[in-house]
Structure formats: structure tokens, C-alpha cells
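The values are calculated or read from the model by the stated rules, or taken from the named source; none is laboratory data. Everything numeric in this text was worked out from a predicted model, so none of it was measured. Glycine gets a Cβ as well: all are built from the backbone with ideal geometry, and neighbour counts include every protein chain shown. Note: accessible area is taken over every heavy atom of the protein model, side chains too, but ligands, DNA and RNA are not part of it. Shrake-Rupley method; radii C 1.70, N 1.55, O 1.52, S 1.80 Å.
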Amino acid sequence: MKRELKEGNKMVLEKKVYKMLESVVGPENISDDPIITTVYSYQYLADLANPDSAKWMPAKPEAVILPGSTEEIQEIVRICNKHNVKIKPHSTGWGFWSGIVTSGVIQMDLRRMNRIIEIDEKNMYAVVEPYVTAMQLQVEAMKRGLDCAIIGAGPNHSVLASCTAMMGYGDKGYHTSMNNRNLLGVEWVTPTGEVLRLGSLGSGAGWFCGDGPGPSLRGLLRGWHGTMGGLGIFTKCATKLYPWAGPKKPEIMGENPQYGMVVPENFKIYTIYWENWEQQADAMYKVSESEIGYIIWRACTPMMIPLLLGKTNNEYYEMMKGIYDMIEAYRYYFTVVLASESKRELEYQEKVLKSIVDETNGKFFEFILSENAPLILLAIVTQCYNSRIFRPTGQFHTSFGAATSWDMSVKGAKIGEQIRRKYIEEEVFHDDGCGENFWGGPYEHNKFSHFEGLFEYDPIDPESRKAARKYIEEATMAVIENKIGVPIGPGPELAQIFGPIYGNFHSWLGKIKKSFDPKNVSDHAFYAAPEEKTKD
Amino acid sequence: MSLEKYHVQTLRCNRCSLCKWVPQPKIASWRFSAACPSIQKYNFHAYSGGGRIIIACALLENKIDYTDELVKIVYTCSMCGACDVSCKMNYGGNLEPLEIMHALRVKCVEKGRIPTRHKTLLEDIREYDNPYREPRKKRGEWAEGMGIKDLSHETAEVLYYVGCTSAYRLPGLARTTATILQNAGVDFGILGKDELCCASTAYKIGDEALMEEYAKNNIEKFNNLGVKEVVTSCAGCYHMFKSYYPLIGEMNFDVFHITEYIERLMGEGRIKLSKRIPIKATYHDPCHLGRLAEPRVPWNGVEKKVMGQLIITDPPKEVRFGVKGVFDPPRNILKGIPGLEFVEMERIREYSWCCGSGGGVKAAFPELASFAAAERIEEANATGAEALVTACPFCEINLGDAIRERREKIKLYDIVELVLEAMHEEGVKGGQ
Amino acid sequence: MEEFGELKGIVGVENVVEDPEILDNYSRDYSFVPQRKPMCVVFPKDVFEIQKIVKWSNEQGIPLTPISSPGGPRLRGDTIPSLGGVIVNLCRMNRILRIDRRNKVAMIEPGVTFDQLRSELEKYGLRPYTPLLPRSTKSVLTSYLEREPITIPKDHWDMLDPLFCIEVVFGTCDILRTGEASGPGTVEDLLAAGSALKSAMGPGGFDPVRLVQGAQGTLGIVSWATVGVGLLPSLERLFFVSSDSIESLIEFAYRVLRRRLGEELFLVNNFYLANMVAEKSEEIAKLSSDLPKWVLILNISGFDKFAEERVEYQEKDSREIAQQLGLELQTSISGISGDEVLKVLRSSSREYWKFRYKGCCQEIFFLTMLNRTVNFIEAMYKMAEADEYPKTELGVYIQPLMQGVGCHCEFDLMYNPTDGEERERIKGLFIRASENLISSGAFFSRPYGPWADMVYSRDAETTIALRKVKELFDPKGIMNPGKLCF
């Protein structure tokens, strides 16, 4: 599918409007200098918005503004409404959905709003501003015996963004769910500049609940993915936290780039493999049903282990050469981490796990664990190494990945493998040894799961870049044809394509957009254009 | 390597902002999680390591020009390498932020587009052989009355290389170091007024030619002295000798930082730390002694693709992860002082927070230097330490300025002061 | 009436009821919401009939009020047609469409009751998540749409739980299937492809299921839902933990919740527990006076694999926690055994249990956090006392939710509905207490009847936003008008 993006207003930010904005945030927090604005037009996956470039978005912002408070944001939004200036907010700004595709938009960088407002240890939630990262929250939460969800991008992502405006799943979903489901109270500056406080917050009852009174307005701002900056700005949110059975200050050993988390005595890590998808799936269901375990996760072993153990691509390559022929034997696996404050609970869990593995003809996979357990535990608990997936070729992207049942996820993996094969054979993707390189696992004890097909390509190489776009088209069509849920892929042109297939959601989003943002001040590039018509 | 040769690397930044934080697993609190003083102060993405990589890319693709704003962004950076360490944790050698930023500075120098203050610094180095505009003849004055060998006409096993900052700004540091060496019975000498700048400042600003000129000169001079070892108490000079000089010429001597040397002398029983110093102290890892002091292994290979699109180097390139600097010797020394209670800050070793003075920042952007130092003082205070110890005169000056400006109670020491004190000798009393 | 000719054409003559006596039953319930008679009641059989009814309603400007539960007693006023109109009674749609053991999900129509679902699920070794002792005529779907708190907080991850996907006819006449059920193709296509229709998110960038949940039928009418179900335990051991101080039980609850121990977990006061267990008014009073002031119920269960071992370790761990707090796990209390309570929890009687004591009960409930319940309880007792409502007849029920992040806090006021004066006194106390609790930070997330004004008048921005939502999904305002802020 092509991303055909419409040209926006070709406007230059009027000086007087600039001055008004400057009076809100101070001169040091706004800039229309071309050096500053150009830097914001460089993005990961920009090649999907701009096929002729590896990293440059089709447009750059008119100015960049750095608000420091909700009140400043309100004022900015009001000015923009009055003077027809569009806004695109971002938190950490990682990924082309943060960026700008048409002219006439100012970039709102929420970096200055970076506080953890509160961590309620007893009631297990935290309140954060946009620039708080998952790692910052995790370390503070762990001091209180709690843990947070971290998305697959790695812990340098914005907690608030992944709960509200964006999407994302993570390795610990079995225990910490995914952030669509962790969102509690929200403070939201609407596109017209009002402050909407969702749930219990609006009723003056605190942050603990994001739903109600009556219908849940959480349903407006977040579904499969969020608003991607297209419907106002979220300035604070509360997110659910989860019990952490490990030490309040985990011991991190090692040195750059190979760190590890000393495995606490009450933690056990297992990697288990089966002979085929069906056995692995059966085991997944049984383990989840037994409710044992802290983490259950599957990434493509053959690639992930050398990626973790190799400090550079060269080291990775040497290891890959060594294990390439073993790959097939270990592909149907998952990693389980058991953890409990209670010794007897841990013993029980081990017993159950071993019994299930036995029952399903699984085998425990020891060799990588013996001396690498700290590295693997750190990798799973913090996901700090996840962005190594960029390293082999300079960039990766993903496909499939709908939230669905594990059986359907596996179905997707089988289909994904078929599609992927030719791109590997044509050498336009990295031959990572994984037939399908699907990464995912169960959430909330397998209430649902997700499994996304990763692929590594070089966006600097025009052929590889072109292949990536082609593969995504093919994969997306495969998801639709095989009915494996709603695939990953935000943006209005994608909404136009997917919307009619999935309940005309593009039309609903367009109506919501028109109602809440009558002047279309929030840049809709990755949300939905107002008043979108239903495709026949 | 010229900026052009980094073009491909500049397209590999994936805008993840890891460069703004200490390596993720080493984040121990929300408060002290940041790695980069520049982005912490200025906030626009351009001021991060990743931001400067993007600037380099944009310049190479003629999207932007060498404006005043660009110059300001490029040079409001102490070139501390924290971004480089964090980036490489996950991206290995795919891109090298510090090298790219350095190549960007080299380009700025070529274009004549550098801060005015830096132009002056370069001129001063040429004119005076030091960036402080101090007369050459005064360079050795700190040693008067100490009876130290003058290697311009004497020989010794060891050269004590003092460095511009100690010689002209912290003479007490030089005297203390020399006293330690004397008391340990080390056969050493100094160059005095014949000592030249190591050219660290020139290199950091991006004047590679000037640096090479001084490096060649120094290497030749040191070789000609016939010394077996060169010891320095300046972290800045140390990192030049360890990581850049070997690329310039063959060095017939080993290089040590004074902390390495003291640790060795302690092991040999030539230094005994016997006097109690009952203080709670924390240690600031100077960037130039730590992550930046990692030696460079020359590489003239190519990148190639295997297994489809996998990028490897041929031959394999040694990637600098910032871990082969001097981290343990200062700690071992402090832990060896009786009565001293040693506590660590959160940002240490290869992910230490920069004091803010390097890279020409102290001279041209004192507000940034001050900001970074203040942050470090706060971090030191958070440990409950009474004393902040460092092993770099440049860090000492900048941290000292911040302590004075903020009227902080914490006492600042160079490690050699505590060593001398603990050796039962009359040394310079510590603190400000 | 002639205007119902079209309705009769849609659902069949026999499925349109105009009998005044029957209409009278729909005009009121046990809440304090003013009576209003509907014009008729229609009984559709599928989503297409619903859609046609909604279309008719839009054309005629006649409002609709949906009802799913096949019978009462109804307590909240949400099914009274406040502006008249037509009752859409969905009890003909009472099929359990699908049960998926592997994925632990069931697909049900609105008229399916808990009893019905329970007995069907048992055959698969499954059970439904239920609120505390739902009446036998309670619709499962309605319960979940109304966010009634389930009794197993460990499995309540999110306020949406255990609701997954729905098919809804909005006031615009659009039919939307949400989440994984949204497409592509029909439900049959999706099931044939292997979908379990579980994931509730989306489609796209919004969660329409969350908009419909809690809407009291003001946005659309749901024709089916997929819902999460749990495993049927093979072994259960129910424990009581009692204390005169609720604080220590709350602390126990926090620790047990954090450890995810047990299945059913809730706190009640003596009077509430007595109402649950005893059958007659005098028995309730006696039992209530015998019971300790506060009781926490913790049901520890085992399932198939290593059931005994699971119960054993969870019991030991729970006992340790109790011990640390000076509490004790008991298998019986004041002559009631854990098995007895389990039996009560698993069964339903035709008579609604809350009406046994005096004939009627008025609930005041809201959401809060466990550690804040103490203040609300104290305040409620004070207000009851000030109104001369007997302290010994105030029921208190606390249900932890979202795995302990929040809780449902409920106060039950008992009264004789035939005594007009008593009813008025209770109404007065109900109103005053509700206002007071809201002002003190209680979150009335389910604003029935008089609560709606109290809640929405305090949160203007939410009200404005909700009205925009209403405008989008029911522009002509025909879906259950007069409820919430519409």
C-alpha cells in the first residue's frame, strides 16, 4: 500500500504568532531556527513516509516549542486555534509517528514535563508526565516492590505515550499487561484547549480509575493504538503497577555493553523448546492457565542469543555462523521466569512447570543459561537490549502483531515465514536464521497475546528500503486475508484502507476528530482526517 | 576521518534518545538518570548526541548551513563521550557519536566557523604553547625549591608531565604530586619551561592539524628524553597520550596516570597510607581519565554486508565501549586510606556525569559548565559524602567554582592531596 | 396504537406488548427514579431487528430503553424510560452462542443469565466471573456492561474485565463489532479462520466497547458479547479473617492481593454477611449480632494440576501474612462454615437475598481505594446515626478491583418499601449521604438516577465531552434519554 500523503497548509508561522507563543514559554523554549527544526525532521521509519529517503520526513516543523506545564500547553493550544496553526506533540519523539509530514505544523516537544508526580505503593499505580521513561519509572517502582510494563522498544520509551497516544507491547506482558490496559486517570488538554480529566480524576477522587463516570472516555483516546498526537495533548497519566518479587535495588553487574542483573535467589529462568508450534502452543496455554510465572516470552532464539551475547555485529556474525544449522531445532521455544517472595510458591511453580513441559514433550535448554543468566534476566526484566534489533542492518521494522489468541498468533507466524522467505533469498533483508523471527507472548496470563514479525533491513540501501515497503504491504494483506486481527499500522491513509475492513473505524475516528477538534489543530497525519467518508 | 566518511553512520541514528541517558541498566533513580549536560540544559533535540549526528547528516546533505546557531549547538558540548557509551551499548560500532561529533568540529574549524573564544584559544596555544596565555618561562615555577630533576639537561627513568592546567592554575597539585613521587623514591624529572601543551584543547575544538603538530613534537621530545615512563596528574593530558598520540607516532615509553602509578607504588610498598583520614568521600570519574582514555586501535578496513543485509567490518574493528579507562586505581587508593568511608555516586565509571568543563565549554559557554558542575555537586551531596574527590585539574577547577558559587559545604579534593596527607607528610590541606 | 404497526412488522405481532399492567411493571423499580410508563415493549430476536427498531425510533423520534435481564428486582433506575418511549427487551436473545475452552471465552446474547451460563460452562470445566450473589434473573451481559464488580480481583486486570468484544447497534443505526471481532468479514468468517474473538482493543484508535460500557444504554444496544471465563476449581477452601478493626483486614487484603493469592476476596461487615447467609429476617439479625464486626472472605482454590499443592501453599502463605498482622485464617465463624458460604456463592435463589431483611434495599456504591474506605465508612456510619438509621442494619461491602488498585465500596440501607414514610427517610439519607460521599472524594463511576446530576455537575469538562460522544453515536438522542448527563 502506498502512503499517499496530502499536502497541508503551506504556511510559515507568522511572526506575531511566534511572539505570542514565545510569551507563553519564554524565548529559550521556542525556536524556529532551521537547525533546530531540521533536526526534528529526522526520524526512524521516515522511509515509510518518504520513500526517497532513509531518515528524512517529508516536512519539518515551522517551529519547535517546549512547554513546561499543562497551563502553558492550554495557552499554546488556544493561540493555535485562534491563528490556525497545527500542533504535533511528542514525548520522547522516537518513531515517525512523532514527526511531521506536511508543512504548517509546529512540533511540541514535551521534554520539560518529566516528573514522576506520585507513586502510590499501596494501591500500585504511578502518575507521570510525558517525558518520564519506563526505566526511570521502573527503578523508582522497584524501590517500592513494584514493576511497570515496558514496551518492546526498550525502557527509553515514554510511559505516558505508550499508555495514551501510541501503542506497544512488551516482554513482561504476562505479568504487567500492555499499556492500553494499564491506563488509569488521565489529564488531557483537548484540541480546543480545555483540560479534560478522565475517570476518578475528573470527579476529584484521585488517579486510580480511568473509566467513568458512565461511559469511559478512555475509549476515545486509545484503542488498539492511540491518537498519535492527533487529538490534543496528554499531560499526565496514571499507570497501573505490578508486584515485583525481586530486590528493591537489583544488583547490576558487568560493564558496557554487557551488563547483567544478578539473579536473585527467588528467581528461576528457564528456556524450553518443543518440536513444533503445536506442542509449544499447548504448553503456552497450560502454563498460562496454571498462572505460574512472572514472564513468559518468545523471541527468535537463533538471532536473539547472538544479539545479546555479541557486543558487535562481527561477534554476532561469528556466533550466528556457529549456530545457524542448529536453529531449526530450537525455534519452537519460550523463556519462562519464575519469581516469588514465597519459597513454597516458587517450589510449586517449578513443579508445575516441569510437569507441563514433560506432558507436552518439551525440553529444557540449558546451554545459554549457565553463565548468561544475569544478562538474560536483565534483558527480559528491563528490555534494555531490545533495541539491539537495530544493530545488524541499521534498522528493523515489524509486521503482523495483532492482539489475538496465541493460536492465531502462531498462525500468523507460519504465514509470515512464507512471505518473508523470498526477501531473505533475495538478500534484501538480513538472513537472521529465523524462519519467521516472530517476537511476542501472552498477556495477562494469556487473556490475549501478540506476536509480531520482525525483519531487519537497511533503509540506506534503496533496494532494501523498497523491499521493506513491499513486505509490509504483503504482510498487511496477509493479516487481512487470513483474518488475524488488526495489524500494526497507524496513519490516516492506513485508516482509510483498514477502516472499511474493520468496522469503518476510520469514519468513527474522523467524526470524533471533527467533534473534538473542529479546527483540526492537532496534526492528524497519524490519526484520522476529520470527516472521513466511509469507503464503499 | 573526515565528516564525509561518516555520512552512512549519520543515517544510522534511529532517534531513540539513548544518548540522553546513562546506559539504561545503570539508571538507579529518576533524579540521576541523565547522561548529557547539554540536552539537560538546552532541551531541544539538536543538543543531544543524536541531535548532533543529525546535524552532521543535514550538513552533508546540504539541508542546513554553518550558521551561528549551528556553531553554538556543536560547541555547547563538552565532548564527554557519555552519549557514545550509551549508544554503543546497543548499537555497537554501527555508529560512533563521539567520532561523528569530532568530525563535525573538524569541519567547523576548516570552515572557520567556531566560537570566537575558541579561535582565541587556538591562537594562544600557537603563541604561548598553552591555552592560558601564560608565558612559557613561568611554566616550571611551581617546582622551585623542590630539587626536581630538569630533564632538559638531566636524565631520569620517569618524566612527570605536569600539563598546562596544573602548571599555571593549580601549582599546588603539581607540587603535591611531585612530593608524592619524591617520597616514594621515584627517579623522575620534569620539563619545566620546555614542557609543551598536550594539545587536548586543540583536538577538542577540532583543530586536528594543530593537535598533530604538538603530538609529533611531544612524542619526539619524550622519546629523546630516553624515559621509560611518562606519568601525568592531568586526566586531559593522559587521555591524549593514551588514545590519540599512539595514532600519531611511535611512543617508546609507557604512559600512566598518577593514580595508576600510586596504586603500583602502594603495591610495591613504596607508598604507605597510614594516617587516618576520617571522612566520608565520593569519587568523581573524570571523563578523560575514564571512558575517553580508552586506547584506540587503528583500523583501515571496510564495511561489508553478509547474510543479506548484516553489516560487519572487515577486518573486525575494535569498538571502544569506554570501559578500558582508569576506574579502579583511584578507588583502590581511596579505599586504602584508613578511616575513609568511600561511597559511590550513581553515575560513575564509564557512565560518569561530566563536570562540564571539557571540549572548550568552560571557556566559551561558562553557563553550561556551571550547570553541569552544579548537577554533579548535587549528586555528590545525595550520597551524604563530606568530600568530593577527583583526579583531574580541569574537573577540580570547574567543580570548585560551582561549590564556591553555590556556597556548598562539601569539600573538594584532588586525590593526590589525600594521598599525601595519608602518607604522614605535610601536604597541602584539602578543600576550598 | 397504529404507530406500532411498523414495530410489529419488524418483530412480529406477538413480540410487541402493550398491556397496561405489564407496562406498569416497566415504569418503576426499587430506585428513587421517578416513574414513567413506556408506550410498549418490543422483543427483538437478533441484531437486524434491533437495527430496524433503532431506525424506526430515529424516524419517529420515540426513545428506546434497552433491558436485558429477564426479570427483576431492578434497583437502579436505568431501565425506567424517563422520557417515555419503547422498552427494547432483549430476553428473547438468550443464547449462549459459543464456548471456547482453550481460550476461556464465551459468546453470549443479552438475555443470558448467570445461572444459565454457569450451568453450561460447567460442562467445559469453566465458570463465569460473577458479581457478589447476582439475582437469578440478572443478565450477564448487563452486569459486565454496568461494570458490576466481580468477586475475583486477581483476575480483574482492567475495569473492562471480563468484557471482551461486543456487537452494538448505535443510535445512528450503525452496527459495530468491536476489538478482534471488528473484521475482516463476518463473525462466522472470523471464527472459521480460528479467531477466538477475545482481544477487546480497537478497532483502530478508539475503544468503542469502553464507551458503551457504563453508558446505561444511552449510546447503543448490544446484541452479543464475548466474555472471559475462569476455570472451575477442583478444590476450594474458603477462609474467614475477622477483626473489629477494618484497618487490619485492609492491610491483609493489600498483602494478599499483591501476592495474587486466592480467588474470591472481599470484605463485608457482620450485617452484610448475615444477609448473604441467613434466609429470614430474624436469623439475619441474630447472626449479625453474633458475627465479628468485619469479615474478610478469602477463597483459595486449586485447579486440576496439583490442586492440593496449590491450595496448600496459598493457605500457608496467607496464614503467614495473617499472623504478621495478628489475624487468623478461620474455616468457620460464628457457626458458619466456609463450605456453607461457598454454597451460597455458587447458587442463586429466586428471592433476591437483599430483600429478605425488610423487603427492600437501597445501595450506595462508588469506587475508591482500599485505604480510603475507612474514612468513608466512618462518615457513613455517622450520617446513618444522624438520620436515626440503625447502625446494626447498615450493610458494608468492599470489593477490591483491578488486582487491588481500587475497590468498590458499598453501603446497603434496608427498608420496608410499603412504608411510605420509611421510604422517604431512606431516600433522604440516600441523597444526603451520596452528596456527602461525593464531596469527600468518592468516585461514583456508575451514576444511576440522582447520582447523575451530583456527579456531572462537578465535572463540567467530562459532561461536555460525553455530550459530544452522545452527539456522535446517538445524534437524535433516542437512546435511553434522561440518563447520565443526556
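Quick rundown of the values:
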item	result
Per residue solvent-accessible surface (Å²) - chain B, probe of 1.4 Å	34
Inter-site label distance for C:GLU122 and C:ASP189 at 7 Å from Cα along Cβ, in nm	4.0
Calculated P(r) tail over 28 Å for chain C, as whole % of Cα pairs	53
Accessible area buried between chains C and A, both sides summed, probe 1.4 Å, in Å² to nearest 100	7600
Euclidean distance between Cα centres, segment C:52-125 to segment B:235-252, Å	80
Accessible area of the protein assembly as shown belonging to carbon and sulfur atoms, whole % at 1.4 Å probe	48
Per residue, in Å², the accessible surface of segment C:82-201 once ligands and nucleic acids are set aside, probe 1.4 Å	24
Counting DSSP beta bridges with both ends in chain C, the antiparallel % (nearest 5)	85
A/B buried area, accessible surface, summed, 1.4 Å probe, Å²	5600
Peptide ranges C:224-235, B:153-164 listed from the most packed, as the mean C-beta count within 10 angstrom indicates	C:224-235, B:153-164
Around C:ARG92: net Lys/Arg minus Asp/Glu count, Cβ-Cβ under 10 Å	-1
Cα gyration tensor category, rounded, prolate or oblate, for segment B:1-101 with a/c compared to 1.5	oblate
The protein assembly as shown: antiparallel DSSP beta bridges as a percent of all, rounded to 5	75
Rounded Å value of the spacing that divides the Cα centres of segment C:398-440 and segment A:297-364	53
Extent along principal axes [Cα atoms of segment A:152-308; Å; largest to smallest]	54, 40, 28
Solvent-accessible area lost in complex, 10 Å² minimum, residues of segment C:458-483 relative to chain alone, 1.4 Å	C:ARG458, C:ASP459, C:GLU461, C:THR462, C:ALA465, C:LEU466, C:LYS468, C:VAL469, C:LEU472, C:PHE473
Peptide-level mean, for A:168-180, of C-beta atoms on other protein chains within 10 Å	1
Beta bridge orientation in segment B:289-432: antiparallel %, DSSP, nearest 5	55
Calculated FRET value between B:SER29 and B:ARG406, using beta carbons and R₀ = 22 Å, to 0.05	0.55
Environment charge of C:GLU363, counting only residues whose C-beta is closer than 10 Å and scoring Lys/Arg +1, Asp/Glu -1	0
Computed E for A:LYS321/C:SER234 - FRET, C-beta separation, R0 41 angstrom, nearest 0.05	0.20
Heavy-atom SASA rank of C:SER242, C:SER31 (probe 1.4 Å, accessible area, largest first)	C:SER242, C:SER31
Restraint check, A:LYS236/C:LYS138; B:LYS26/B:LYS228; A:LYS321/A:LYS354; A:LYS86/C:LYS468, Cα-Cα greater than 28 Å	A:LYS236/C:LYS138; B:LYS26/B:LYS228; A:LYS321/A:LYS354
For segment A:256-375: rounded, prolate or oblate by the Cα gyration tensor [a/c cutoff 1.5]	oblate
Selection from A:SER342, C:PRO162, A:GLY68 lying farthest towards where the dipole of the protein assembly as shown points positive, charges on Cβ	A:GLY68
Simple Cβ-charge dipole of segment A:188-259, Lys/Arg +1 and Asp/Glu -1, about Cα centre, in debye nearest 20	140
Count of Lys pairs (Cα-Cα under 26 Å; at least 8 positions apart or interchain) in segment C:23-108	4
Cut-off 13 Å between beta-carbons: net charge of the residues surrounding B:ASP68, Lys and Arg +1, Asp and Glu -1	0
Peptide A:218-230, shielding by other chains (average Cβ, 10 Å cutoff)	6
Accessible surface of A:LYS351 - all protein chains present, 1.4 Å probe, nearest 10 Å²	100
Per residue accessible area of chain A, 1.4 Å probe, in Å²	28
Protection proxy ranking, peptides A:205-213, B:57-65, average beta carbon neighbours within 10 Å, highest first	A:205-213, B:57-65
Sequence-distant lysines (8 or more away, or on other chains) whose Cα lies within less than 28 Å of C:LYS293	A:LYS122, C:LYS154, C:LYS280, C:LYS316, C:LYS343, C:LYS354, C:LYS358, C:LYS382, C:LYS391, C:LYS427
Charge dipole of segment A:224-345 about the Cα centre (unit charges at C-beta), most positive-ward option of A:HIS225, A:ILE305, A:VAL287	A:HIS225
Shielding by other protein chains, C:442-449, mean Cβ within 10 Å	5
Helix-only mean residue ellipticity at 222 nm for the protein assembly as shown, each DSSP H run of n ≥ 4 adding -39500 (n - 2.57), per residue, nearest 500	-11000 deg cm²/dmol
Candidate lysines - alpha carbon under 16 Å from B:LYS411, same-chain residues fewer than 8 apart omitted	B:LYS280, B:LYS429
Centroid-to-centroid separation of segment B:255-326 and segment C:152-175 [C-alpha atoms, Å]	58
Cα-based shape type of the protein assembly as shown, given that a ≥ b ≥ c are square roots of the gyration tensor eigenvalues and the cut on a/c is 1.5	prolate
Selection from A:TYR316, A:TYR471, A:HIS83, by position along the positive dipole direction of the protein assembly as shown (Cβ)	A:HIS83
Dipole magnitude of chain A, debye to nearest 20 (Cβ charges: Lys/Arg +1, Asp/Glu -1, about Cα centre)	1460
Gain on full stretching of the segment that runs from B:GLU344 to B:THR116 - 0.36 nm per residue minus C-alpha separation	78.2 nm
